[in-house]
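Since the structure comes first, as structure tokens, the remarks are kept for the end.
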């Protein structure tokens with residue numbers, strides 16, 4: 001990943017209307033989003049419906065709709081990107097699950113690998129429900145999970161994005177991952 005100051009500086013310059021900075025920003029961000037999407041692809045292999053490029057473009061579109069001035073820093077931008085990728089994957093899982101239940105939607109196949117297989121779709125839907133519950137009770141834990149799992153962020157990057165110490169992230173991550181594992185197991189059994 002690029003040095004934290006580079007993207008933060010580009011975000012600041014782009015928010016002033018500097019078109020050259022905007023172009024450089026999105027070129028830099030695109031490469032980092034590709035890295036995050038590849039990490040998803042390594043974790044979840046499957047058919048060709050939603051590949052790395054499609055995931056990047058969907059996330060990029062969600063992020064580009066917002067105002068650049070709304071992102072205070074590189075960490076904030078990538079935390080937002082993590083949430084966007086989570087939403088994209090959840091929407092995809094819900095569409096596929098609906099199709100399995102009899103939906104007659106037209107299928108369009110793109111090239112590449114999909115970061116989610118049919119076997120993991122149900123897990124993603126259960127995880128999404130758990131994160132929705134968690135967001136209501138502890139929003140920071142929800143953001144932490146999004147940064148680590150959907151954003152592929154390190155402990156240090158997550159700490160910066162959430163404005164907490166790395167020790168807090170490590171402690172919360174240990175508790176949170178155990179809780180999610182337990183809840184996912186009980187959700188699969190029902």
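Below are the figures for this structure:
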item: The lone exception for residue 119 - which of (1) modelled with pLDDT under 65; (2) in contact with a helix residue (DSSP H, G or I) (Cβ under 8 Å, 6 or more places away or on another chain); (3) not in a loop (DSSP other than H, G, I, E, B) it fails; result: (2)
item: Any hit, region 175-187, residues being part of a helix (DSSP H, G or I) and over 18 Å from residue 123 (Cβ atoms); result: yes
item: Inter-residue pairs, beta-carbon under 8 Å, first touching a residue at least 60 places away in the same chain (Cβ under 8 Å) and in region 157-172, second part of a loop (DSSP other than H, G, I, E, B) and surrounded by fewer than 21 Cβ atoms within 10 Å (Cβ to Cβ), 6+ apart; result: 157/1; 160/73
item: Residue among 110, 162 that alone is on the phi < 0 side of the Ramachandran plot and at pLDDT 85 or above; result: 162
item: Filtered residues of region 123-141 (kept if under 24 Å from residue 77 (Cβ atoms) and either surrounded by fewer than 16 Cβ atoms within 10 Å (Cβ to Cβ) or modelled with pLDDT of 90 or more (or both)); result: 132, 135, 138, 139, 140, 141
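The values are calculated or read from the model by the stated rules, or taken from the named source; none is laboratory data. Because the structure is a prediction, the values reported are computed rather than measured. Methodologically, a virtual Cβ is constructed for each residue, glycine included, from the backbone with ideal geometry; neighbour enumeration extends over all protein chains shown.
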